[in-house]
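The values are calculated or read from the model by the stated rules, or taken from the named source; none is laboratory data. These numbers were taken from a predicted model, which means no experiment stands behind them. Cβ sites come from the backbone with ideal geometry, for glycine too, and all protein chains shown count toward neighbours.
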Amino acid sequence: MLLIESGALSSRGDLVNTTPRYVAPGRAAALFTRAVAGLTRLGISVWGSRVLAVRGRTSGQWRTVPVNLLVHDGARYLVAPRGHTQWVRNLRAAGGGELQLGRRAEPFTATELSDDEKVAVLRAYLRRWRFEVGAFFDGVDADASDDEMRRIGPDHPAFRVTVDVSG
């Protein structure tokens, strides 16, 4: 593949964007996020919400953000509907963090999923939170084909969360 600035040429000669996708929150989303974070810190989960605490990849300081914790087929997952956010980059670097609900904090390790592994997870995530995050998935919904899910997979990092029971 021949790289051209922030894009690349596909085998058909089409210019393909290679910049990781990120959708910044607007004012309304930022207000909603603060409200959900506040309730979650009080111990009130809003549709599975948790506060994700993860060490910053350069500062080493704890960073927090509300997330939707998906439970699917007996496993737990975090999905980034807005793409390659700061929490995603920090979680990749740290390899884990804490999920907080009220005063309860669960230390965990995170394993990033491949695009093939994401298919069922993205489908379950969209089925549960479509009303909240559907706009970030380029018209793809829970009923889309596996190929469509694979197509959007690179834009939506997802992690399997394993709670650290030793600590």
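For the reader, a short list of remarks on this structure follows.
- Checked against (1) among the hydrophobic types (A, V, I, L, M, F, W, C); (2) assigned to a helix (DSSP H, G or I); (3) at pLDDT 85 or above, residue 133 meets all criteria but (3).
- The range 80-115, residues that are closer than 17 Å to residue 146 by Cα and in contact with a helix residue (DSSP H, G or I) (Cβ under 7 Å, 6 or more places away or on another chain): 113, 115
- Selection status of residue 91, surrounded by fewer than 20 Cβ atoms within 10 Å (Cβ to Cβ), at pLDDT 95 or above and not small (Gly, Ala, Ser): no
- In the range 71-97, residue farthest from residue 137 (Cα to Cα) [restricted to those that are under 10 Å from the mean Cα position of the chain (by Cα) and assigned to a strand (DSSP E or B)]: 77
- Scanning the range 137-167 for residues that are of a type in the set (Ser, Thr, Tyr) and in a loop (DSSP other than H, G, I, E, B) yields 145, 166.
- Qualifying position, being modelled with pLDDT of 95 or more and among the charged types (D, E, K, R), among 151, 104: 104
- Residue list for the range 66-88, filter: loosely packed, with under 15 Cβ neighbours inside 10 Å and on the phi < 0 side of the Ramachandran plot: 71, 75, 86
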